[in-house]
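The values are calculated or read from the model by the stated rules, or taken from the named source; none is laboratory data. Computed from a predicted structure; not experimentally measured. FYI the Cβ positions are ideal-geometry reconstructions off the backbone, even for glycines, and counts take in every protein chain you see. The accessibility values were calculated without ligands, DNA or RNA, using every heavy atom of the protein model including side chains. Shrake-Rupley method; radii C 1.70, N 1.55, O 1.52, S 1.80 Å.
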Amino acid sequence: MSFQVAIGQISPRKADVKGNLDRIVEMVTSLCQSDTPPDLVVFPETANSGYFLQGGVREVALSSEDLCSELTQRFVSSGITREVDVALGFYELWEGNIYNSAAYLNFNPEDPACGTLIHTHRKFFLPTYGVFDEARFVARGRSINSFQTRFGKMTILVCEDAWHSITPTLAALQGAEMLLVLSASPGRGFQTDRPSNVEKWQRLLQAIAEEHGVWVINSSLVGFEGGKGFVGSSMIIGPFGNLVGQAPLLTECVLTGTIDPEDIPVARANSPYLADLRAAMPDILNQIEDILANLRRNS
């Protein structure tokens, strides 16, 4: 059964967690009152605080449970009358460490609890090059996991997670049918009318979708922090690798689209790369064992 997705391409106010959460709930509530209300709203990486906080991540970090509680209180106060799922990025405090994380939550006004935390993903690959120095300020997540939603199995990837081919592969092998890719990507390479990193994001996400026969929903931050401009250009990509929708550059907006899970088996039948991968897994695992053994001998 198809469902409606909305991408909130926003520019959060730096370090203003309460204000940004207020705005996120206001956006979702307003969208739910529209003529085509979304079933799922996806916000970018670090949507509730902004990205470039360095040591300031300690002041904005909160647990997934506290994030769910803060949002639930706001949704109850907003008088929302329609069930909606929300995914967003935030700096998370978990077991004494701080992570660049993303949460997937369900809000149902007919449920006494209203808000339910479904899944938390902790960024697996932390960039430490160019303008990025994440590993100084946050810990690295240790797993890529798919999780069940009312729309099917999903996996969340945060920014550089999607730039490594192994992570969407792990997601697809676990049964993920949709990848939520939350990003904060400063503009780079302005030789053409579009920054080169936007071109690369599009090529990368279309290749992921086509190889694994998955929907890819990318929500990208916009705005300026410390002289660095996040480009936006969020995307929805179908399981055939087709670009379904793309948001504008450098502009806050809402990108909407219809996600039809029934497209997935058709795409996978036309290009059975995932089935081929599953069949080859025993040999792949043997090769990985050989690689690990060589690394141990040479370390």
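Using the alpha carbon gyration tensor of the stretch 212-299, what are the three equivalent-ellipsoid semi-axes (square root of 5 times each eigenvalue), largest first, in whole Å? Present the calculation step by step, with values, prior to reporting the outcome.
Values: eigenvalues 255, 126, 9 Å².
Sorted largest first and rounded, they come to 36, 25, 7 Å.
Please work out the C-alpha center-to-center distance from the stretch 207-234 to the stretch 97-165 and express it in whole Å.
15 Å
Relative contact order for the stretch 16-118: what percent, with Cα pairs under 8 Å and sequence separation of 6 or more?
On the way: 165 pairs, mean separation 30.5, N = 103.
Computed value for the stretch 16-118: 30 percent relative contact order.
Tell me, what ³J(HN,Hα) does each residue in the stretch 206-223 have, in order and in whole Hz, if you take phi through Karplus 6.51 cos²θ - 1.76 cosθ + 1.60 with θ = phi - 60° and put x for Gly and Pro?
Per-residue couplings from phi come out as 5, 5, 4, 4, 5, 5, 9, x, 10, 7, 10, 10, 10, 10, 10, 5, 10, x Hz.
Along the charge dipole of the chain, Cβ charges K/R +1 and D/E -1, which of GLY8, LEU31, PHE124 sits furthest on the positive end?
The listed residue farthest towards the positive side: PHE124.
Determine the relative contact order of the chain: mean sequence separation of Cα pairs under 8 Å and six or more apart, normalised by residue count, in whole percent.
On the way: 651 pairs, mean separation 54.0, N = 299.
Across the chain, relative contact order equals 18 percent.
Could you bin all the Cα-Cα distances of the chain into 10 Å bins starting at 0 and give me the percent of pairs in each, rounded to whole numbers?
So the P(r) values, bin by bin, are 6, 28, 36, 22, 7, 1, 0.
Leaving ligands, DNA and RNA out of it, report the carbon-plus-sulfur percent of the accessible area of the chain at a 1.4 Å probe. Mind showing how you got there, number by number?
Working: 6740 of 13370 Å².
Answer for the chain: carbon and sulfur cover 50 percent of the accessible area.
Run the Debye formula on the Cα coordinates of the stretch 1-89, all scatterers equal and no solvent, and tell me log10 I(q)/I(0) at q = 0.10, 0.19, 0.23 1/Å.
Taking Cα atoms of the stretch 1-89 as identical point scatterers yields -0.25, -0.86, -1.19.
Using only helices, what value at 222 nm comes out for the chain when you add -39,500 (n - 2.57) per DSSP H run of length 4 or more and divide by the total residues, to the nearest 500 deg cm²/dmol?
Values: 7 runs with 94 residues, N = 299.
Value at 222 nm, helices only: -10000 deg cm²/dmol.
Find the accessible area per residue for the stretch 1-148; the probe is 1.4 Å, ligands and nucleic acids are left out, and the unit is Å². Can you show the working numbers first?
Working: 6420 Å² over 148 residues.
Value returned for the stretch 1-148: 43 Å² of accessible area per residue.
Looking at the stretch 114-152, which chymotrypsin sites (Phe, Trp or Tyr not before Pro) are DSSP coil and have at most 12 other C-beta atoms within 10 Å of their C-beta? It would help to have the intermediate numbers written out before the result.
Values: sites: PHE124, PHE125, TYR129, PHE132, PHE137, PHE147, PHE151; in loops: PHE124, PHE125, TYR129, PHE132, PHE137, PHE151.
When the chymotrypsin sites (Phe, Trp or Tyr not before Pro) of the stretch 114-152 are filtered for loop state and at most 12 Cβ neighbours within 10 Å, TYR129 remain.
What list of whole percents do you get for P(r) of the stretch 153-251, with Cα-Cα distances grouped in 10 Å bins up to the one holding the largest distance?
Here the calculated profile for the stretch 153-251 is 17, 50, 26, 7, 0.
Enumerate lysine pairs in the chain that are 8 or more residues apart or on different chains, then count those whose Cα atoms are under 21 Å apart.
Numbers: LYS14/LYS123; LYS14/LYS228; LYS123/LYS153; LYS123/LYS200; LYS200/LYS228.
Total qualifying Lys-Lys pairs in the chain comes to 5.
Give me the one-decimal nm value for the distance between modelled label points at ARG150 and THR128, 7 Å along each residue's Cα-to-Cβ direction.
Output for this residue pair reads 4.2 nm.
Report the antiparallel proportion of the DSSP beta bridges in the chain as a percent, rounded to a multiple of 5. It would help to have the intermediate numbers written out before the result.
On the way: 41 of 60 bridges.
Here the share of antiparallel DSSP bridges comes out near 70 percent.
Using only the alpha carbon atoms of the stretch 46-144, find the Kirkwood hydrodynamic radius as the inverse mean reciprocal pair distance, in angstroms to one decimal.
Details: mean 1/r = 0.0700 Å⁻¹.
Roughly 14.3 Å, rounded to one decimal.
Could you tell me the center-to-center distance, by alpha carbons, between the stretch 63-78 and the stretch 36-55 in angstrom?
Rounded to whole Å, the Cα centres lie 15 Å apart.
Compute the length gained on full extension between LEU277 and ASP16: take 0.36 nm times their separation in residues and subtract their Cα-Cα distance, giving the result in nm to one decimal. Kindly include the intermediate steps, with their values, before the conclusion.
Numbers: separation 261, 0.36 × 261 = 93.96 nm, distance 4.46 nm.
Taking LEU277 through ASP16 to full extension adds about 89.5 nm, to one decimal.
How much of the DSSP bridge set in the stretch 39-181 is antiparallel, in percent, rounded to the nearest 5? List each step's numbers first, then the result.
On the way: 22 of 31 bridges.
In the stretch 39-181, approximately 70 percent of DSSP beta bridges are antiparallel ones.
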